[in-house]
Amino acid sequence: MIKFTVITCTFNAQSVVRRTLVSVLEQSYPHVEHLIIDGNSRDATMRLVADYAEESARKATSHAIATVSKPDKGLYDAMNKGLRMATGDYLVYLNAGDAFPAKDTLEHIANAVGEGEKLPGVLYGDTDVVNDEGHFVRHRRLSPPRELSWKSFRWGMLVCHQAFYARADLAKAHPYDLRYRYSADVDWCIRIMKDAETRGLPLRNVHAVVVNFLDGGMTTAYHKASLKERFRVMRKHYGLLATLLTHVWFAVRAIFKK
């Protein structure tokens, strides 16, 4: 049976982190490694993490929990720390405030792998957006296609980062590029999908909502800078002309939606 590594990056996240920790603790699937990568929080985040580890031990779950709390160079540096520590077959990032929508989410994803075949390069699913209280807000505007390829992201990040389960060997071969401040996750996903195609590995849609994603975040707070960086990422992978034409289409579509 496959093992999942769930990586949670935190920094001063005491108001939202418990929801994330509980959602991992309650997973019915037994083969789970949970890495909490903290950026030296100054609030009660790590006390809540310690309580979570104690609760997991009392319940005698088979989940393995490891934590580190040290200063880092930002979110993607923290993600790379988790990437290096991961020992699972697949890894996913479930950051503070995000949560699994059901207790059997990981079990459902594991069942989608299949038997007697190559492990898919990526497992992916749908995303619901929630507010600070964890209540449903809406379905994510961009939804994953039935058949995903690295070319799909030309039309935007069709799979939410937290709904993108990367095979660990592919993920470790492609750490996050720290030259990007806001869109290294987009670049990372594209590079992994390209590598999967080169190796002849499928990208499998699990046909379920696999994450409740906390509304907001770094790219929302720095929207204009994020868009400029996203353009650079798209140009790198799809070429200048294709990227320009795609953005013209985005502009035209926005005008007709008004």
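The values are calculated or read from the model by the stated rules, or taken from the named source; none is laboratory data. Source: prediction; values computed, not measured. Note that we place each Cβ from the backbone using ideal geometry, even for glycine, and neighbour counts take in every protein chain shown. For accessibility, only protein heavy atoms count, side chains too; no ligands or nucleic acids. Shrake-Rupley method; radii C 1.70, N 1.55, O 1.52, S 1.80 Å.
Let me cross-check HIS247: its accessible surface, 1.4 Å probe, with only protein heavy atoms counted, in Å² to the nearest 10?
We get 70 Å² for HIS247.
Going toward the positive end of the dipole of the chain, with +1 on Lys and Arg Cβ and -1 on Asp and Glu Cβ, which of HIS223, CYS9, ALA242 do you reach last?
ALA242
How much of the accessible area of the range 77-129, in percent, comes from carbon and sulfur atoms when a 1.4 Å probe is used? Before the final figure, lay out each step's value.
Details: 830 of 1870 Å².
Solvent-exposed carbon and sulfur of the range 77-129 make up 45 percent of the total.
Given Cα pairs under 8 Å that are at least 6 residues apart, what percent is the relative contact order of the chain? Can you show the working numbers first?
Working: 463 pairs, mean separation 54.5, N = 258.
Relative CO of the chain lands at 21 percent.
Can you tell me which of 182-189, 235-242, 147-154 comes out highest on packing, and rank the rest after it, using the mean Cβ neighbours within 10 Å?
Values: 182-189: 22.9, 235-242: 13.9, 147-154: 16.9.
Final packing ranking: 182-189, 147-154, 235-242.
Which label belongs to the value computed from this structure, given these candidates for Rg and Dmax of the Cα atoms in Å: [x] 18.0, 58; [y] 19.0, 61; [z] 21.2, 64?
[x]
Relative to the longest principal axis of the C-alpha atoms of the chain, give the angle of the C-alpha long axis of helix 184-198, reported between 0 and 90° and rounded to the nearest 10°.
In the chain, helix 184-198 runs at an angle near 80 degrees to the longest axis.
List the aspartates and glutamates whose alpha-carbon lies under 17 Å from that of LYS172, not counting same-chain residues fewer than 8 positions away?
Of all the aspartates and glutamates, those that pass the test against LYS172 - Cα under 17 Å, at least 8 places apart if same chain - are GLU33, ASP77, ASP89, ASP185, ASP187, ASP195, GLU197.
Leaving out ligands and nucleic acids, note down the accessible area per residue over the chain with a 1.4 angstrom probe, in whole Å².
49
Identify the residues of the range 41-69 with backbone N under 17 Å of a label point that sits 7 angstrom from the Cα of THR87 along the Cα-to-Cβ direction, or state none.
Backbone N within reach: 57, 61-68.
State which entries of LYS70/LYS103; LYS3/LYS236; LYS3/LYS118; LYS70/LYS236; LYS70/LYS151 exceed 26 angstrom in Cα-Cα distance in the structure shown. All intermediate terms of the calculation are to be shown ahead of the outcome.
On the way: LYS70/LYS103 31 Å; LYS3/LYS236 33 Å; LYS3/LYS118 15 Å; LYS70/LYS236 32 Å; LYS70/LYS151 37 Å.
Going by Cα-Cα distance, LYS70/LYS103; LYS3/LYS236; LYS70/LYS236; LYS70/LYS151 fall outside the 26 Å limit.
So which lysines pass the test for LYS73, namely a Cα distance under 16 Å, with those fewer than 8 places away in the same chain ruled out?
LYS81
What ranking do 160-167, 58-65 get when scored by the average of other Cβ atoms within 10 Å per residue, highest first? Mind showing how you got there, number by number?
Values: 160-167: 24.9, 58-65: 13.0.
Result, highest mean Cβ count within 10 Å first: 160-167, 58-65.
Multiply the residue gap between SER15 and ARG47 by 0.36 nm, knock off their C-alpha separation, and tell me the result in nm, one decimal place. Let's see the in-between values first.
Values: separation 32, 0.36 × 32 = 11.52 nm, distance 1.23 nm.
The SER15-ARG47 span can extend by a further 10.3 nm.
Which distance in Å, rounded to a whole number, links the C-alpha centroids of the range 143-169 and the range 1-79?
24
What percent does the relative contact order of the range 145-245 come to when contacts are Cα pairs within less than 8 Å and at least six residues apart? Please list the in-between numbers first.
Working: 73 pairs, mean separation 34.9, N = 101.
For the range 145-245, the relative contact order is 35 percent.
For LEU94, list long-range residues whose amide hydrogen, built 1.01 Å from N in the peptide plane, is under 5 Å from its own amide hydrogen.
ILE7, THR8, CYS9
Rounded to the nearest 10 degrees, what's the angle between the helix 75-85 long axis and the longest principal axis of the chain, both from Cα atoms, 0 to 90?
In the chain, helix 75-85 runs at an angle near 60 degrees to the longest axis.
Would you mind checking which residues have amide H under 5 Å from VAL137's amide H? H placed 1.01 Å from N; only 5 or more apart, or other chain.
Answer set, sorted by chain and number: VAL129, VAL130, ASN131.
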